[in-house]
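Undergrad: Before anything else, here's the structure in question.
The values are calculated or read from the model by the stated rules, or taken from the named source; none is laboratory data. Predicted, not measured: the structure shown is a model, and the values here were computed from it. Please note: Cβ atoms are built from the backbone with ideal geometry, for glycine as well, and neighbour counts cover all protein chains shown. Note: accessible area is taken over every heavy atom of the protein model, side chains too, but ligands, DNA and RNA are not part of it. Shrake-Rupley method; radii C 1.70, N 1.55, O 1.52, S 1.80 Å.
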Amino acid sequence: MNNSEVKAKRRVFSLLAISLLPMTTGVVASAVAQIGNVDPTMSNLIVTMPLFAMTIMVILSGRLVAWLGTKSVVIGGLLITSLASVLAFIAPNLTVLLGARLLLGVGLGCYNSLAVSLISIQYYGEQRRRLMGFQNATQGLGAMLASLAVSGLLLLGSRYAFLIYLISLPIAWSYFKNVPNVQFPKMLRTTQLERTSSRPALWYYVITLFLLMTLYMVANLTIPSLILTRHIGTASTGAVALSLFSLGTILAGVSFGRLKVRLPRFILALSMLTMLVGFSGLLWGQTKLMIMLVSFLIGGSFGLYVPEIFNTATTLVTKDKANTITMVLMTSSNLASFGASFFCVLLKTNGTNASLLINAILILFVLIVINLSQNKRLDQAIE
């Protein structure tokens, strides 16, 4: 392996490494629960506050990139993340802790969209598809490793769990050493025909991502309670089930590139079908093994539809707009995650988990039908 190949591999590794943290914001929930005198509302707010800040920063990150450049924004975001980690650890009260969690979202939101758009503008063809899958797999790996790290750090005390974000420091150093400042292409003129032909397809992907992310988060919120209400396990069983989400995401993300070659038009439908099977298993499953299996399947669906939507949507626009459409998709995803608890209530039409699961299955069935019927038109938009 020559020197240029080594540099290219280090660059890819450093680029993927920034995706380790954005999906870890909820792993400290157990640590927050162990802090004394925290009511449930404040506890939920502390856990979800980074998602709110991330949504705002994803919208603003385009301007930051224009002012400071991609490298400064990524490294700055990682340093803010590490500062938030320390501040949460030493926070003397809940107000400061809440502020630290808000700052964490600011740091992660600075570079969240760049984790995808930097791949989309630098790589092409098979390598791009493979890296999109690896990027999503890296997010799942980060969530799984963070969960394990929190479990160990909790043995030292609840506040130690917040120190997991100090991993952002070596990530920042690696990025500084191996990834140059990447310039987005200058704004290109597009014809009215090009704008109108791709716009419906872009909105299709934005709305589909929102619905799929909502259902994914609904599954995350529902599985632990199903395990307890059906008396098939304990809270620790629920934690294991949620870890299988990450494992499914990792394996599906790694396989995405090969699946895309074999099933170029049907990856999204396959991911929806996998999630539908998962929700069906949740509806009928009465054993611990079944719940573990469907958790793996739903995690696997996430590992397919996220890189498929981001990869395909960014091919619908010129390179100069890749970061913009990525920001729109990220905003859609973050809003879905933030509002998932509301949709849990909305889908429980008769107040039961069964009604929630049935409604989720119906939504997925409709999404599959729409996707299969729209495949030809979407292909024409991409061409």
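Undergrad: Somewhere in segment 316-326, is a residue under 23 Å from L202 (Cα atoms), outside any helix (DSSP H, G or I) and out of contact with any helix residue (DSSP H, G or I) (no Cβ under 7 Å at 6 or more places or on another chain)?
TA: Checking segment 316-326: at least one residue is under 23 Å from L202 (Cα atoms), outside any helix (DSSP H, G or I) and out of contact with any helix residue (DSSP H, G or I) (no Cβ under 7 Å at 6 or more places or on another chain).
Undergrad: Of the numbered conditions (1) at pLDDT 85 or above; (2) surrounded by fewer than 21 Cβ atoms within 10 Å (Cβ to Cβ), G105 fails exactly one; give the number of that condition.
TA: Every condition holds for G105 apart from (2).
Undergrad: Of all residues in segment 318-344, count the ones that are over 11 Å from L209 (Cα atoms), aliphatic (A, V, I, L, M) and open to solvent by 20 Å² or more (accessible area, probe 1.4 Å).
TA: Matching residues across segment 318-344 total 1.
Undergrad: Can you tell me which residue within segment 345-357, out of those that are of a type outside the set (G, A, S) and open to solvent by less than 70 Å² (accessible area, probe 1.4 Å), is farthest from the chain's Cα centre (by Cα)?
TA: T352
Undergrad: Would you point out the residue of segment 13-71, among those that are of a type in the set (S, T, Y) and under 22 Å from N323 (Cα atoms), that is surrounded by the most Cβ atoms within 10 Å (Cβ to Cβ)?
TA: S61
Undergrad: Sticking with this one: On the basis of being closer than 29 Å to L60 by Cα, open to solvent by less than 10 Å² (accessible area, probe 1.4 Å), assigned to a helix (DSSP H, G or I) and not polar (S, T, N, Q), does A360 make the cut?
TA: Against the criterion (closer than 29 Å to L60 by Cα, open to solvent by less than 10 Å² (accessible area, probe 1.4 Å), assigned to a helix (DSSP H, G or I) and not polar (S, T, N, Q)), A360 does not qualify.
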